[in-house]
1. Hey, residue 59 hits all of (1) surrounded by 10 or more Cβ atoms within 10 Å (Cβ to Cβ); (2) closer than 22 Å to residue 70 by Cβ; (3) not β-branched (Val, Ile, Thr) but one; which does it fall short on?
2. Kindly list, by first and then second residue, each pair from a residue in the range 22-50 that is without any contact (Cβ under 8 Å) to a residue 24 or more places away in the chain to a residue that is part of a helix (DSSP H, G or I) and of a type in the set (S, T, N, Q), limited to pairs with Cβ atoms under 9 Å and residues at least 6 apart or on different chains.
Amino acid sequence: MKMEKQNSENGSRNHKRIASKAMRIIGMVFMGLAFTALFALIFGFVVMYLWNWLMPAIFGLGTITFWQAFGILVMAKLLFGAFGMRPHPYRRKFNSFHREHYKHWGAFEGDDSDFRCSPGNWRHYKKFWDEEGKNAYEDYVKRTAAEK
């Protein structure tokens, strides 16, 4: 009898927990939609105000309504932004992005390549830094501190 009561209490707790999570998710979706609508409303009025202030005076164009300003925003987003469908190159993982695009630098941890694109003695930089650079830098800091 006691075991059945515990199971029913655990079941009701799980149902309450699931219902609480569902309500939280629904609330977050509603708040996201409300925030998006508010942002669109404010941004539409800003575009309308700027257009009506600048364009007639500069180019002799007519004034526009809020919905025309909102349409211009949507059209600009379609033409130039694609609503985030393309991944932005800087949103990739930091390390893989920099290895891909700056691999010719050769100064990453564990990277044994040298500075292939740099002329002259730069190709020896990584080896120099590993062998002598840290000590030479510390000597330089000591010299500059002594001069002051």
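We did not get these values from a lab; they are worked out from the coordinates using the rules stated. Computed from a predicted model, the values in this text were never measured in an experiment. Positions of Cβ are generated from backbone atoms using ideal geometry, with glycine treated the same way; all protein chains shown enter the neighbour counts.
1. (1)
2. 48/68
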